[in-house]
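Comments concern the structure below.
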Amino acid sequence: MNAQAEHHYNLIASAVAGRTITVHRHDNPRLPAYTDSRAVFLPSDGQQDDQAFAVIAQALLIRGNSLRREQLAPLVGRSRLLARYAHLEVVRVARLDAHLLPRRFCEHPSIREFPHTSLSRDDSLRLARSALDFPEAPSFLGRLRAVLILSHTVPQAALATLTKKRQQGRAEISNVPELDEADQDDAEESKILKLFENPLMSGGAVGDLLNKILGGGRSGQPENGTDSGGAELKIGDVRETKHKGVFATLSEFALDVITNEQAVDAGSRTYPEWDYVSHRYKRDWTLVDEMDPWREAPERDELLQHLLDPPSHALKRKLAGIGLSFETHRNQSTGDEILLDRLVDFRLDLSMGSIPSEHIYATSKRTRRDLAAMVLLDVSGSTGERDLSGLSVHHRQMQLAYHMTRALHELGDHVSCYAFHSWGRSLVRLLRIKSFVERRIDSGMLSRLAMLEPAGYTRTGAALRHAAHKLEIETGMPYRVLIVITDGFSYDHDYEGRYGEEDTKKALEEIRAGGVGCLCLTIGSFQEEEKLAEIYGAASTLSVHDYAQFMTHLRPSMLRAVQQIRVH
C-alpha cells in the first residue's frame, strides 16, 4: 500500500468509525479484511473498489459498537453465525447512517436489498441465530474475528476476581499448541468430532484416549464440576503458541495481538537483547509495537484529574536554560561583530545631524532551545498498588510524566510522551500519549492518559531501545534526552533478576554511545536506590519519595543528563 492510498483509507475508516482508525496490510492469503476494533487490516491483493468497501464495512462495525463482548462471546468458534451477525450489523448501521456514507456503498445490492431488518445489536444476534435464510454475503464484508477482538478487553467482573499477584502482572506463561483460525472454523463443522461426542464414547479409557488424539473434549474440568467451557483458562493468563493465527495469544488483559504477518505494516520493530550469560546479543529477539491506549469505558478518576493540573511556574523555571545552544542576536549595543548595514546607517544619521542608534553589533548568546526529550512512562502491573492516602505509584508517575511533558513543551522544546509495558518478548507495547509531530497539548493527550491502567510486565531494555530509535529518526536536535519514569523493576517472562538488569544496562550504554542522555525518575517506589544507581548510573538516577523532593532535585539531575550528551 503506497503512502497516498494508506492516507486515503485512514481518512475513510476514521470518518466512518467516528474515531481515529488506521488501515494496514496483511500478507495471509487465507484471510480477507478484518478489524481488531482499533485498526482495519486489508489483504495485500484485491480490487481497489472492493478494498474501499471493505474499509467502510469494518469501520461500520466499530461505529455501531457491534464488537462488544456481550454479542461476540456467544459466537466464538461459530463462523457461520459470526458471518450472519456481521452482515446484519453492517446493514443496520449503514441504513442508520446512510447520510454519512458513499451512495455507491448504500446502493450495493447486499445492503439495499437485504431482506431482514435489525433494530439493535441484540436484535442482530437474535436474527443471526434464527432459521431465516440469508443471501450470500459479499466478499468485502471480510471476516469477523471474535477471539482477536475479545482478547483486547476484560469485563469489570473478571477484573475483580484477579488475585493481587496477577494484578501486578505476574501471570504464569506457558507454551501450548493451538490451532489457527481456519482450523478453529473447520472444527465447528467436524463430523468426526461430533461422532465422538456420542454418549457411548464419552467415558472410559478408550473414549478419553480417542478424544485426546482427535482434539475432542476439554483439557480439564471445572473445579465446581459444572459444564463451563473454557473454565480451565485462568483470568490473566497468557498462552503463547507456536502456530501463528488468531489464538497466538489468549489474554484477559487489554493486549493487542500482533502476528508476524502484521508486524511490519502495523508499525512494529524488532530489537536485539543482551544475554549476559553467553556475552552476546540475541538478534531480533524482541518485538516492540506502537499504538494508542484504549479502553472501552474508562472510569473517571477524580484523583487523577486533580493530579493533572497544569505544572507550576517553579517547575518551568527549573527546566529553563537546559539544552540551550548559541544563536546570533543582531542590533546589540555591544558584541563581537560589527554589522556593516547598521554601521552605514549610523554614519548617515550622524552626517544628517540625527542621533544615530548605537545598536550596530551582533553577538552570540546561548538562547536557542535545541532540546528534544522523550518521557517514557512505565505502566506495568507492579505500579498499581496504592498507599494509605489512596495514591498509587502509577498515579504519582503519571503526574510526573504529564508535568514534565507539558512544562518542556511550553518552554519550546521538542517533546513526546509514551507509556510502555510488556507481556513477553513479542508483546512489548509503546502507548502514544503525545508524539513529536503533535504541536500542542490538548484534551486528546489527557484522554489518552486517562485510558492508561497498570497491567503486564516491564521489559525495559526493548522499550529503551525503541525510544532511543524514535529520538534519533524523529528529531534533529543536538541535545536529546530520554526521561524514564519507572518503579525500577525489570521483570518479564525469562527477563528477571540479573538478566533483566544487565540488558537494561547494556541498552543504556548503547543509548549514551548514540549521543542521547538518560535520566531515570522514580517516585514512591520500593526499589532500592543503590540498585537503581547501579543499573542507570548514580549520576542519572533521581529517586524521590514525594513531589516536593522531586522539585528540589530535578534541575541538577537534568543538567547531569544533558552533560552526558555528545553533541556531534
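Of note:
- Some residue of region 433-446 being of a type in the set (S, T, N, Q) and at pLDDT below 85: yes
- Residue within region 53-62 that is at pLDDT below 85 and within 27 Å of Arg112 (Cβ to Cβ) present: no
- The residues listed here are Asp45, Asp50; of these, the one that is within 23 Å of His108 (Cα to Cα) and without any contact (Cβ under 8 Å) to a residue 24 or more places away in the chain is Asp45.
- Some residue of region 52-66 being over 32 Å from the mean Cα position of the chain (by Cα) and buried (at least 20 other Cβ atoms within 10 Å of the Cβ): no
- Qualifying residue in region 511-527 (condition: farther than 15 Å from Val428 by Cα, out of contact with any Leu (no Cβ under 9 Å at 6 or more places or on another chain) and modelled with pLDDT of 90 or more): no
- Of the residues making up region 92-115, those that are farther than 17 Å from Gly142 by Cβ and open to solvent by less than 30 Å² (accessible area, probe 1.4 Å) are Asp97, Cys106.
- Some residue of region 84-91 being within 27 Å of the chain's Cα centre (by Cα) and either surrounded by 14 or more Cβ atoms within 10 Å (Cβ to Cβ) or in contact (Cβ under 8 Å) with a residue 12 or more places away in the chain (or both): yes
- For region 392-414, filtering for residues that are within 16 Å of Asp487 (Cα to Cα) and of a type in the set (Val, Ile, Thr) leaves 1.
- Flag if Val93 is within 30 Å of Trp423 (Cα to Cα) and among the β-branched types (Val, Ile, Thr): no
- Hits in region 380-429 (condition: open to solvent by less than 10 Å² (accessible area, probe 1.4 Å), farther than 30 Å from Gly476 by Cα and free of Cβ contacts under 8 Å to residues at least 60 places away in the same chain): none
- Scanning region 116-150 for residues being open to solvent by 20 Å² or more (accessible area, probe 1.4 Å), in contact with a His (Cβ under 8 Å, 6 or more places away or on another chain) and more than 30 Å from Ser44 (Cβ to Cβ) gives a total of 1.
- In the condition set (1) within 22 Å of Ile483 (Cβ to Cβ); (2) open to solvent by 30 Å² or more (accessible area, probe 1.4 Å); (3) at pLDDT below 75, Glu290 is compliant with all but (3).
- Number of the exception - Arg480 against (1) touching a Ser or Thr at 6+ places or on another chain (Cβ under 6 Å); (2) surrounded by 23 or more Cβ atoms within 10 Å (Cβ to Cβ): (1)
- Test result for Ser447, part of a loop (DSSP other than H, G, I, E, B), open to solvent by 40 Å² or more (accessible area, probe 1.4 Å) and among the small types (Gly, Ala, Ser): no
The values are calculated or read from the model by the stated rules, or taken from the named source; none is laboratory data. As the structure is a computational prediction, the values presented were derived from the model and not from experiment. So basically every Cβ, Gly included, is an ideal-geometry build from the backbone, and we count neighbours across all protein chains shown. Quick note on the areas: whole protein, heavy atoms, side chains included, nothing else; ligands and nucleic acids left out. Shrake-Rupley method; radii C 1.70, N 1.55, O 1.52, S 1.80 Å.
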